[in-house]
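Right, one structure below, let's go through it.
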Amino acid sequence: QVQLVESGGGLVQPGGSLRLSCAASGFSLDYYAIGWFRQAPGKGREGVSCISHSGTRAYYVDSLKGRVTISKDSAKNTVYLQMNSLQPEDTAVYYCAARLSGCSPSPLYNKWGQGTQVTVSS
């Protein structure tokens with residue numbers, strides 16, 4: 001069974017933090033770049049962050065630079081997205097996705113998870 005499962009979303013206050021997890025099963029993340037995307041109601045899916053298969057390079061969308069950190073735990077076959085200083089405009093469903101040919105800002109990835117809801121509200 002090949003799948004990606006996101007977890008760690010929830011309701012947080014403005015200025016709060018969350019750590020999202022993307023756990024892979026049925027395949028190894030050692031060979032895939034992992035990207036995080038988000039989709040707010042009525043909007044398209046946009047790239048948030050990506051980490052290379054080696055874990056040595058990371059990319060972040062401008063609006064989140066300085067507030068997010070992507071990391072990888074190869075032993076657990078899991079990628080994390082630490083998000084700090086969250087704002088209401090960060091509210092969205094967050095998806096992780098795997099890509100064999102490296103990071104891309106466009107949603108052209110090979111495998112997708114089901115998503116986890118992040119809601120930032122007072």
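Surface analysis of the stretch 1-99 yields an accessible area of 49 Å² per residue, using protein heavy atoms and a 1.4 Å probe. Radius of gyration (Cα atoms) of the stretch 59-122, expressed as a multiple of 2.2 N^0.38 Å: 1.20. Taking every C-alpha pair closer than 8 Å and separated by at least 6 residues, the mean separation divided by the residue count of the chain gives a relative contact order of 36 percent.
Under the combined filter of DSSP loop state and at most 14 neighbouring Cβ atoms within 10 Å, the stretch 21-95 retains these trypsin sites (Lys or Arg not before Pro): 43, 57, 65.
Normalising by residue count, the chain has a Cα convex hull of 92 Å³ per residue. The share of accessible area on the stretch 6-61 that comes from carbon and sulfur is 51 percent, using a 1.4 angstrom probe. For residue 51, what is the net charge nearby, where nearby means another residue's Cβ is under 9 Å from its Cβ and Lys, Arg count +1, Asp, Glu -1? Here the count lands on +2.
The values are calculated or read from the model by the stated rules, or taken from the named source; none is laboratory data. Quick caveat: nothing in here was measured; it's all calculated off a predicted structure. Because the Cβ atoms are built from the backbone with ideal geometry, glycine has one as well, and the counts that use them run over all protein chains shown. Please note that ligands, DNA and RNA were not included when accessible areas were found on the heavy atoms of the full protein model with its side chains. Shrake-Rupley method; radii C 1.70, N 1.55, O 1.52, S 1.80 Å.
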